[in-house]
Amino acid sequence: MEGCEDALRTQRTEADDSFGMTRIGELVTLRPVASVQASKRVIQDEDLTWEQFHYAHRCFIQHIMKSEWLDEHAQALLRFFIEIESSPFITRENGKKALLTYAACMRRNWMDMMKGGGEVFNIALINDELLES
């Protein structure tokens, strides 16, 4: 949440007159640099607190539901986050940290496969063996 608010403030205050080129399909367009500039307060997924993860994935799901994601991918990711939050690992010592690390790695791998255009694994199925390691 803090990162989104920071990005919104940054977008309105920095580089208002600067433009950069971006490619959309076969077209090259100009976009304000501030609209594509990453927040200086970015926190890697695995470094989020459990509360930040809780709010971040809900925000992420809202955005993908509004975008042109395939419904099966959006639903799989939604089920993945539900499985992570309801995992019995939460109650273990360092369980939340293990779940955050697992979620970050699996989501990153899954999205990389999805971007590559190939077949993706079912992210909603939690690999307990991998989580244990």
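The values are calculated or read from the model by the stated rules, or taken from the named source; none is laboratory data. All figures in this text were calculated on a predicted structure; none of them were measured in a lab. Methodologically, a virtual Cβ is constructed for each residue, glycine included, from the backbone with ideal geometry; neighbour enumeration extends over all protein chains shown. All accessible areas refer to the heavy atoms of the entire protein, side chains included, with ligands and DNA or RNA removed. Shrake-Rupley method; radii C 1.70, N 1.55, O 1.52, S 1.80 Å.
Write down the accessible area per residue of segment 27-128 in Å², having rolled a 1.4 Å probe over the full set of protein chains. Don't skip to the answer; put the middle values down first.
Numbers: 6660 Å² over 102 residues.
I get 65 Å² per residue for segment 27-128.
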So how do 65-74, 44-53, 101-110 stack up, highest first, on mean other-Cβ count within 10 Å? 101-110, 44-53, 65-74
Got a sec to turn the phi values of segment 70-77 into Karplus ³J(HN,Hα) couplings, 6.51 cos²θ - 1.76 cosθ + 1.60 with θ = phi - 60°, whole Hz, x for Gly and Pro? 4, 4, 5, 6, 4, 5, 4, 5
Give me the lysines in straight-line cross-link reach of Lys40: C-alpha distance below 21 Å, same-chain residues under 8 apart excluded. none
